[in-house]
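Below: one structure, written as structure tokens.
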Amino acid sequence: MVLPFRGYHLLFPALLDLVNAVKAGEVHGCSILETVHKHSISGIPIVRDSMNIILHKGYAVLVHQINCWMLHGMLRDPYAEFFVHRLSEGSSPCKAVGSSNPSSVRPAPSKVSLESMDNFGLEPRLLPDQLSASLAKKVLFAGSVVCVFGPSMGQSLYGDQEAIFVDRMHALREKPELDLLELEAFVEDVRSVAATHVWRVLVEEGCLPEELRLLREVFLLGRGELFLHLSQATEPLLCRPRGAATEREVNKAFQLSCSLLQSEDENLAERFRITVGPPLSDGDSSSEPLSGWETIGMTYQVKWPLHVFLTESAMAKYSRLFRLLIGVQRGQTALQDCWLLQGKLGRSRGAACPLMDHMMHLRSHMAHLLDCLQYYLQVDVIEIQLVRLLQQIGQTRDFEAIQHAHHSFLASLLFNSLIVINPAHECLRRILGLCQSLCQLFPRTNCPFTQRQFSQFESVAKDFEVQQKLLTTILSGLRDHLSDSQLPQLLVRLDHGRVCSGCVSLRARASS
């Protein structure tokens with residue numbers, strides 16, 4: 001009995017050490033390959049050769065899993081050993097796409113087609129050290145594409161190239177050692193074909209550029225007259241905290257505004273919906289209730305196949321931009337209405353009123369700031385960034401490239417509009433609130449001003465001056481550190497007039 005095992009007396013302890021290392025470290029799945037690789041480094045030939053055999057078999061399983069996932073969207077992983085896994089348990093399972101249907105006609109998307117690429121993710125602890133995170137992301141992307149778009153095709157997503165990919169993967173599995181360079185080249189080639197396919201589906205079939213222009217028209221207030229009509233119609237509803245019927249009534253007004261101002265072949269109200277959030281932020285009952293204008297947002301019904309590009313997180317960013325832009329437009333409209341009203345009352349008032357002169361002067365400062373801000377947002381930020389995005393979409397045929405460009409587009413809009421710069425955004429929020437406070441102080445008749453109105457005006461003027469100077473300080477500080485940002489242009493526009501340079505203390509003038 002001892003004689004047949006005499007040559008293995010050095011191997012068994014090494015195998016026992018390997019088993020103990022796996023148990024002690026609770027090593028699982030693909031990460032076992034790293035443990036085996038460490039134990040294969042040995043000066044004992046039988047140990048080294050045996051470990052390499054185990055390693056080869058393990059790599060063959062890994063390569064087979066990568067092949068099934070990338071080419072067919074199949075997760076054959078009953079023990080959760082693969083580094084790709086499903087995040088959403090409620091979605092339909094992916095199936096291999098057969099090639100029995102030679103038709104090139106794309107059928108209508110089914111429920112399986114509505115699978116989201118966000119339903120799958122990576123498990124970093126299962127990724128062997130030999131494989132980079134960037135390689136794993138490419139593997140994840142290609143398989144996700146097959147899961148989302150494969151069922152709607154009726155044939156292989158890779159077409160005639162699938163047979164070539166299968167042969168390359170088979171050759172890779174047969175090699176005694178894992179060829180990382182060949183594996184990386186294979187994964188990149190498959191990813192490139194998948195990315196080109198998604199680009200074609202989105203841009204050529206899904207009309208992505210036209211969809212982005214529509215989002216610009218609505219979310220980013222390209223159709224200013226539509227939302228001017230809406231804000232005037234919903235001011236009584238949104239100037240106070242949301243009630244039980246607020247959102248429903250606002251959407252009725254939105255439907256009416258759309259019916260009056262959209263073209264005959266459009267139906268914006270079917271795809272866009274106004275939302276009004278809860279009046280208390282973060283559920284804090286001690287906070288002052290927020291008005292509907294401060295919690296307003298918008299949702300959009302994204303159609304297949306654009307749901308993989310216009311994700312929920314992306315649409316949430318569009319909604320934040322919409323809230324800021326409609327707030328600026330509302331402030332401009334209110335200040336303009338005050339100017340028109342006081343122009344009419346001034347002709348019938350007769351004698352000059354010093355306090356009214358100071359109020360009109362402050363109104364002029366506020367209007368100048370909001371006009372500069374609105375022009376900066378629409379022209380210097382949104383229009384320039386949108387043109388750049390559309391150019392990038394037209395210059396590449398890679399989905400991941402245009403997805404990255406879209407992420408950069410939204411990040412640039414959020415940054416240059418000050419939304420993600422908390423101190424500056426808080427300044428803007430307070431300035432917009434002060435504009436509304438001033439407009440509420442303007443008399444609607446020729447009745448004389450009361451002491452209470454004078455005190456309120458003095459407080460508004462003081463607060464506006466403080467917030468204005470704080471905003472200027474923040475922008476000046478950012479200008480010195482962000483040469484590639486559009487924020488210096490905002491400072492130039494504000495400083496070109498009278499708002500940021502040598503602003504007169506309106507509070508002092510009113511007191512005199």
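Residues checked against (1) of a type in the set (S, T, N, Q); (2) farther than 23 Å from L390 by Cβ:
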site	(1), (2)
G222	no, no
C239	no, yes
S263	yes, no
N267	yes, yes
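Give the residue, chosen from E266, E174, that is in contact with a Cys (Cβ under 9 Å, 6 or more places away or on another chain) and either at pLDDT below 95 or assigned by TED's automatic domain parsing to the domain that holds S144 (or both). Lay out the reasoning, then the answer.
Working: E174 fails: in contact with a Cys (Cβ under 9 Å, 6 or more places away or on another chain).
After ruling out the rest, the residue left standing is E266.
Test G143 against the criterion of being more than 18 Å from L180 (Cα to Cα), in contact (Cβ under 8 Å) with a residue 60 or more places away in the chain and in contact with a helix residue (DSSP H, G or I) (Cβ under 9 Å, 6 or more places away or on another chain), and give yes or no. Working first, answer last.
Working: more than 18 Å from L180 (Cα to Cα): yes; in contact (Cβ under 8 Å) with a residue 60 or more places away in the chain: yes; in contact with a helix residue (DSSP H, G or I) (Cβ under 9 Å, 6 or more places away or on another chain): yes.
In short, yes.
Return a yes/no flag: does the stretch 13-25 have any residue that is under 24 Å from R125 (Cα atoms), out of contact with any Gly (no Cβ under 8 Å at 6 or more places or on another chain) and at pLDDT below 75.
Yes, the stretch 13-25 contains at least one residue that is under 24 Å from R125 (Cα atoms), out of contact with any Gly (no Cβ under 8 Å at 6 or more places or on another chain) and at pLDDT below 75.
Here is a list: Q130, Q155. Which entry is on the phi < 0 side of the Ramachandran plot, out of contact with any helix residue (DSSP H, G or I) (no Cβ under 8 Å at 6 or more places or on another chain) and part of a loop (DSSP other than H, G, I, E, B)? First the steps, then the outcome.
On the way: Q130 fails: out of contact with any helix residue (DSSP H, G or I) (no Cβ under 8 Å at 6 or more places or on another chain).
Exactly one of Q130, Q155 is on the phi < 0 side of the Ramachandran plot, out of contact with any helix residue (DSSP H, G or I) (no Cβ under 8 Å at 6 or more places or on another chain) and part of a loop (DSSP other than H, G, I, E, B), namely Q155.
Return the residue satisfying two criteria in turn: it lies in the stretch 337-363 and is modelled with pLDDT under 80, loosely packed, with under 13 Cβ neighbours inside 10 Å and closer than 21 Å to Q232 by Cβ, and of such residues it is farthest from the chain's Cα centre (by Cα).
K344
In this structure, is A163 in the same structural domain as L62 (by TED's automatic domain parsing) and free of Cβ contacts under 8 Å to residues at least 60 places away in the same chain?
Working: in the same structural domain as L62 (by TED's automatic domain parsing): yes; free of Cβ contacts under 8 Å to residues at least 60 places away in the same chain: yes.
Yes.
When you look at H72, is it at pLDDT 85 or above, at negative phi and not acidic (D, E), yes or no?
So H72 fits the description; yes.
Can we say A136 is more than 19 Å from F309 (Cα to Cα) and assigned to a helix (DSSP H, G or I)?
Values: more than 19 Å from F309 (Cα to Cα): yes; assigned to a helix (DSSP H, G or I): yes.
Judged against the criteria, A136 is a match.
Would you check if I402 is in a helix (DSSP H, G or I), crowded, with 19+ Cβ neighbours inside 10 Å and under 20 Å from the mean Cα position of the chain (by Cα)?
Working: in a helix (DSSP H, G or I): yes; crowded, with 19+ Cβ neighbours inside 10 Å: yes; under 20 Å from the mean Cα position of the chain (by Cα): yes.
Answer is yes for this residue.
Which residue pairs have Cβ atoms under 8 Å apart, sit 6 or more places apart or on different chains, and have a first residue in the stretch 243-261 that is more than 12 Å from R273 (Cβ to Cβ) and a second that is surrounded by fewer than 20 Cβ atoms within 10 Å (Cβ to Cβ) and of a type in the set (K, R)?
L261/R223
Looking only at the stretch 35-47, which residues are part of a helix (DSSP H, G or I) and either in contact with a Phe, Trp or Tyr (Cβ under 6 Å, 6 or more places away or on another chain) or surrounded by 15 or more Cβ atoms within 10 Å (Cβ to Cβ) (or both)?
The answer is T35, V36, H37, H39, V47.
Taking interchain pairs and intrachain pairs at least six residues apart, which have beta carbon atoms under 8 angstrom, with the first residue in the stretch 367-385 and not assigned by TED's automatic domain parsing to the domain that holds G433 and the second surrounded by fewer than 18 Cβ atoms within 10 Å (Cβ to Cβ) and outside any helix (DSSP H, G or I)?
Sorted first by the residue in the stretch 367-385, then by its partner, the list stays empty.
Which of (1) touching a strand residue (DSSP E or B) at 6+ places or on another chain (Cβ under 8 Å); (2) not assigned by TED's automatic domain parsing to the domain that holds Q255 does G292 not meet, given it meets every other one?
Among (1) touching a strand residue (DSSP E or B) at 6+ places or on another chain (Cβ under 8 Å); (2) not assigned by TED's automatic domain parsing to the domain that holds Q255, G292 violates only (2).
Could you list, in sequence order, all residues of the stretch 466-494 that are among the polar types (S, T, N, Q) and outside any helix (DSSP H, G or I)?
To start, the set of residues in the stretch 466-494 that are among the polar types (S, T, N, Q) comprises 467-468, 472-473, 476, 483, 485-486, 489.
Answer for the stretch 466-494, where residues must be among the polar types (S, T, N, Q) and outside any helix (DSSP H, G or I): S483, S485, Q486.
Step by step: first the residues of the stretch 193-247, then only those that are among the small types (G, A, S) and assigned to a helix (DSSP H, G or I), then the one that is surrounded by the most Cβ atoms within 10 Å (Cβ to Cβ). Which residue is that?
A194
Go through L135, L172, L220 for me and flag whichever is within 25 Å of Q436 (Cα to Cα) and not small (G, A, S). Walk me through it before giving the result.
Details: L135 fails: within 25 Å of Q436 (Cα to Cα); L172 fails: within 25 Å of Q436 (Cα to Cα).
Criteria check complete, one pass: L220.
Restricting attention to the stretch 364-380, which residues are surrounded by fewer than 18 Cβ atoms within 10 Å (Cβ to Cβ) and among the hydrophobic types (A, V, I, L, M, F, W, C)?
V379
Would you please name the residue that is farthest from D77 (Cα to Cα), looking only at residues in the stretch 6-30 that are of a type in the set (G, A, S) and surrounded by 10 or more Cβ atoms within 10 Å (Cβ to Cβ)? Give the derivation first.
The initial filter retains those residues of the stretch 6-30 that are of a type in the set (G, A, S), namely 7, 14, 21, 24-25, 29.
If we keep only those that are surrounded by 10 or more Cβ atoms within 10 Å (Cβ to Cβ) too, we end up with 14, 21, 25, 29.
Numbers: A14: 29, A21: 23, G25: 21, G29: 10 Å.
Result: A14.
The values are calculated or read from the model by the stated rules, or taken from the named source; none is laboratory data. Remember, it's a predicted structure, so these values are computed and weren't measured experimentally. Here Cβ is always computed from backbone atoms with ideal geometry, including for glycine, and neighbour counts include all displayed protein chains.
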